[in-house]
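Worksheet: one structure, shown below.
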Amino acid sequence: MADDIWYNDNHVWATVENNHAYIGISYYAQEELGDILFVELPEVGDRVVQGKSFGEIESAKTISDLIAPLSGKVVEVNNDVINEPSIINEDPLGDGWLIEIETVDAKELKSLLTQEKYEKHIKEVSQ
Amino acid sequence: MKNKPIVEEKSIFEHVSDDGRIHDKIPMADLPAAYVRNDIEGMPDPAEPEVVRHFTRLSYMNYSLDAGMYPLGSCTMKYNPKLMEKAAQYEGFLMLHPMMEQSTTQGILKLIYDTEQYLKMITGMDSFSLQLAAGAHGELAGMLITAKYHRVNKTNKHTILIPDTAHGTNPASASMAGFKVVNIPSGPHGMIEAGMIRPYVNDDTAGIMLTIPNTLGIFEEQIADIAKLIHDAGGLVYVDGANFNALIGKARYSDMGVDIVHLNLHKTFATPHGSGGPGAGVVGVSSFLKEFLPVPVVERKDREFVMSCDLKNTIGRMVGFYGNVGIIVRAYTYMRMLGLDGAKEVSEAAVLNANYIRAVLKNYYNLPYATPTLHEVVFDDKFQNGDGVKTIDIAKRLIDYGFHPPTVYFPLIVHGAIMIEPTETESKDELDRFISAMKSIADEIKHNPEVVINAPHTTPVKRVDEVRAAREPRLVWKR
């Protein structure tokens, strides 16, 4: 995983390398959701759009839309988390990644939050 | 009560011993000899007292309204007077069959007809169908009516607006009826604001689904403006009347501009909350939508009551025959027992009880919305988060104090929601016991949070593995 990690307001992260991005949910998001039961992800070849839902995640508590931090075409889906969603709880930023997309538009990155700004955002929403 | 973990005890089916006991003889059936067996391997062999004790011990572990307060917000778990059960057990009702000649079923038809008249009176709607088998079934009927209305009028509208506080069944029902659902945000005061939904209303808007009062217990004050906005766009206004128990005799949906509404007989009218049924979710409509109601409907022709399928644009049958009639008998009995004045007092007491809890507990638990509420109150766990305690822990600890926990983590817009609905049937003494338990838990969290985090301590099973239950459910018994 790359060092540079970006977040949107909806607690979804992206790491970018060579126009490819890995996407997952934040540590805070998995903690808030609690034990994750099911995750529904797009298929390889589908297009995801920044700010739009690309899937759903269900925990014992609630069900939430996954909001895409960036637009792009899905090139890989993490089947491990579909079969064993608890991986997302255990390692949301690593093995718990959800999808990989390609060709990232650098302009879209600018609208995302840095780690520092995201932490500030969490403080605000949890107050 | 002997609290041996009954979950570790054999189920009756597993009660097969090899110590020489013999199981009960199965009565001889009138079968050809080739099909008769003298013994069945693995036949359970408990004696009668073992069966009785097994189920009696199980029943001790059940928690119900007959045991204590059940403040499960949004579900309206009120105590149902036993009289309703007695009425439903009258032989004349018990022995009814839907295929009986109509001349012999005039009594039940009149009862259905009269129930509809009472529902019309308190909601202001023009017609009702009582055949829907549950609240969500009523929602589906309402959405199918909306869809058919737009199809007949060739309006080409496909979107239903639903606020973010809605019951989860609302978007599900709209989707089942073929609509696209657009989620609309609540305003800062916990209600929908006409100005905020204007950008979502367009040519494709087939209608809106609102819950009044909403799931925060708040009355949608701008309903008249919202209804006008939707009507001007050619859409219909659907209200989920699940919380009508806060409004009986106080406000009518027709006066708010509502076109379709469903009521849950088990919430407002004291019929049983079945474990999946039987239930009833009656649907009321304005006169211009009567022709779309499900059939049959009960009508009065002179002095006779008849079932009629003669509705021009009916959405068809939603159940076989006429739904769960025994439930309608209970609701009718409840209405007759209370009268309109009594029903008003039901709403007043429900609102008073919830506000009593709100007023006392707001110093101990955070109230996310300051807006006045009606029959239920939503707190959150913000005051307790600093001590590492979450809503789920508070809910589990309440079990140790002898109460059923409130609804938690709903509505979704409140982070860590604790949704309390005491209902009108709890006395002040019982409310005070509940309040005292909640205060005591808040105090424990400050001084000894571990006792709350590790709750419950008094139940045979501690916290259940919800992940395994959801992902690897064992739904059948296998040897």
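The values are calculated or read from the model by the stated rules, or taken from the named source; none is laboratory data. Please read all numbers here as calculations on a predicted model, not as lab measurements. FYI the Cβ positions are ideal-geometry reconstructions off the backbone, even for glycines, and counts take in every protein chain you see.
Of everything listed in (1) surrounded by fewer than 19 Cβ atoms within 10 Å (Cβ to Cβ); (2) at pLDDT below 95; (3) part of a loop (DSSP other than H, G, I, E, B), the single unmet condition for B:HIS457 is (2).
What about A:PRO69, is it more than 14 Å from chain B (Cβ to nearest Cβ), free of Cβ contacts under 8 Å to residues at least 60 places away in the same chain, surrounded by 19 or more Cβ atoms within 10 Å (Cβ to Cβ) and assigned to a loop (DSSP other than H, G, I, E, B)?
Values: more than 14 Å from chain B (Cβ to nearest Cβ): yes; free of Cβ contacts under 8 Å to residues at least 60 places away in the same chain: no; surrounded by 19 or more Cβ atoms within 10 Å (Cβ to Cβ): yes; assigned to a loop (DSSP other than H, G, I, E, B): yes.
So A:PRO69 does not fit the description; no.
Scanning the stretch B:126-145 for residues that are more than 22 Å from B:PRO213 (Cβ to Cβ), touching a strand residue (DSSP E or B) at 6+ places or on another chain (Cβ under 8 Å) and not in a helix (DSSP H, G or I) yields B:ASP126, B:SER127, B:SER129, B:LEU130, B:ALA133. One residue is enough: does the stretch B:462-475 have a residue meeting the conditions more than 28 Å from A:PRO85 (Cα to Cα) and either in the same structural domain as B:ILE399 (by TED's automatic domain parsing) or at pLDDT 90 or above (or both)? Looking for residues that are more than 28 Å from A:PRO85 (Cα to Cα) and either in the same structural domain as B:ILE399 (by TED's automatic domain parsing) or at pLDDT 90 or above (or both), one finds none in the stretch B:462-475, hence no. Here is the figure for the stretch A:52-65: residues that are under 21 Å from A:LYS107 (Cα atoms) and either within 12 Å of chain B (Cβ to nearest Cβ) or touching a residue at least 24 places away in the same chain (Cβ under 8 Å) (or both) total 2.
State yes or no: is B:THR391 within 14 Å of chain A (Cβ to nearest Cβ) and either at pLDDT below 95 or buried (at least 21 other Cβ atoms within 10 Å of the Cβ) (or both)?
Values: within 14 Å of chain A (Cβ to nearest Cβ): yes; either at pLDDT below 95 or buried (at least 21 other Cβ atoms within 10 Å of the Cβ) (or both): yes.
Answer is yes for this residue.
Counting only strands (runs of 3 or more DSSP E) wholly contained in the stretch B:170-260, the ones carrying 2 or more residues that are touching a residue at least 40 places away in the same chain (Cβ under 8 Å) and closer than 28 Å to B:TYR334 by Cα occupy B:205-211, B:236-240.
Here's the yes/no breakdown for (1) closer than 16 Å to B:LYS290 by Cβ; (2) in contact with a strand residue (DSSP E or B) (Cβ under 6 Å, 6 or more places away or on another chain); (3) of a type in the set (Asp, Glu):
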residue	(1), (2), (3)
B:LEU109	no, yes, no
B:GLN117	yes, no, no
B:MET121	no, no, no
B:GLY124	yes, no, no
B:ALA147	no, no, no
B:THR155	no, no, no
B:HIS158	no, yes, no
B:PRO163	no, yes, no
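When the criteria are applied in full, A:LYS110 meets the requirement of being modelled with pLDDT under 95 and either away from every other protein chain (no Cβ under 14 Å) or out of contact with any Lys or Arg (no Cβ under 7 Å at 6 or more places or on another chain) (or both).
Pairs linking a residue in the stretch B:450-471 that is more than 10 Å from chain A (Cβ to nearest Cβ) to a residue that is at pLDDT 90 or above and part of a loop (DSSP other than H, G, I, E, B), with Cβ atoms under 6 Å and 6 or more positions apart or on different chains, are B:VAL452/B:VAL389.
Any idea which of B:ALA206, B:ALA224, B:ALA246, B:ALA174 is surrounded by fewer than 17 Cβ atoms within 10 Å (Cβ to Cβ), modelled with pLDDT of 95 or more and of a type in the set (A, V, I, L, M)? Outline the logic, then answer.
Details: B:ALA206 fails: surrounded by fewer than 17 Cβ atoms within 10 Å (Cβ to Cβ); B:ALA246 fails: surrounded by fewer than 17 Cβ atoms within 10 Å (Cβ to Cβ); B:ALA174 fails: surrounded by fewer than 17 Cβ atoms within 10 Å (Cβ to Cβ).
Matching residue, one of B:ALA206, B:ALA224, B:ALA246, B:ALA174: B:ALA224.
The set of residues in the stretch A:38-51 that are at pLDDT 95 or above and within 13 Å of chain B (Cβ to nearest Cβ) contains only A:VAL39.
Annotation note: Cβ proximity below 7 Å between a residue of the stretch B:110-137 that is among the acidic types (Asp, Glu) and a residue that is assigned to a helix (DSSP H, G or I) (sequence gap 6+ or interchain) occurs for B:ASP114/B:TYR332; B:ASP126/B:LYS120; B:ASP126/B:SER287; B:ASP126/B:LYS290. Cβ separations smaller than 9 Å between residues 6+ apart or across chains give the following pairs from the stretch B:403-418 residues that are more than 10 Å from chain A (Cβ to nearest Cβ) and of a type in the set (S, T, N, Q) to residues that are in a loop (DSSP other than H, G, I, E, B) and surrounded by 21 or more Cβ atoms within 10 Å (Cβ to Cβ): B:THR407/B:PRO71; B:THR407/B:GLY73; B:THR407/B:SER74; B:THR407/B:GLU376; B:THR407/B:ALA417; B:THR407/B:GLU421.
Scanning the stretch B:307-342 for residues that are assigned to a loop (DSSP other than H, G, I, E, B) and farther than 19 Å from B:GLU101 by Cβ yields B:ASP310, B:LEU311, B:LYS312, B:ASN313, B:THR314, B:ILE315, B:GLY316, B:ARG317, B:MET318, B:VAL319, B:GLY323, B:ASN324.
If you go through the stretch B:282-306 and pick out every residue that is in a loop (DSSP other than H, G, I, E, B) and closer than 29 Å to B:ALA136 by Cβ, you end up with 5. A residue that is under 28 Å from B:SER11 (Cβ atoms) and β-branched (Val, Ile, Thr) cannot be found anywhere in the stretch B:73-85. B:GLY386 meets the conditions (1) over 28 Å from B:GLU221 (Cβ atoms); (2) within 14 Å of another protein chain (Cβ to nearest Cβ); (3) surrounded by 22 or more Cβ atoms within 10 Å (Cβ to Cβ) in every case but one. The failed one is (3).
Would you check which residues across the stretch B:444-459 are among the β-branched types (Val, Ile, Thr) and in contact with a Lys or Arg (Cβ under 8 Å, 6 or more places away or on another chain) and list them?
Passing the criteria: B:VAL451, B:VAL452.
Among the residues of the stretch A:13-37, those that are more than 14 Å from chain B (Cβ to nearest Cβ) and crowded, with 23+ Cβ neighbours inside 10 Å comprise A:TRP13, A:ALA14, A:ALA21, A:ILE23, A:GLY24, A:ILE25.
Applying the condition of being out of contact with any strand residue (DSSP E or B) (no Cβ under 9 Å at 6 or more places or on another chain) and assigned to a helix (DSSP H, G or I) to the stretch B:375-420 and asking which residue is nearest to B:PHE434 (Cα to Cα) yields B:LEU398.
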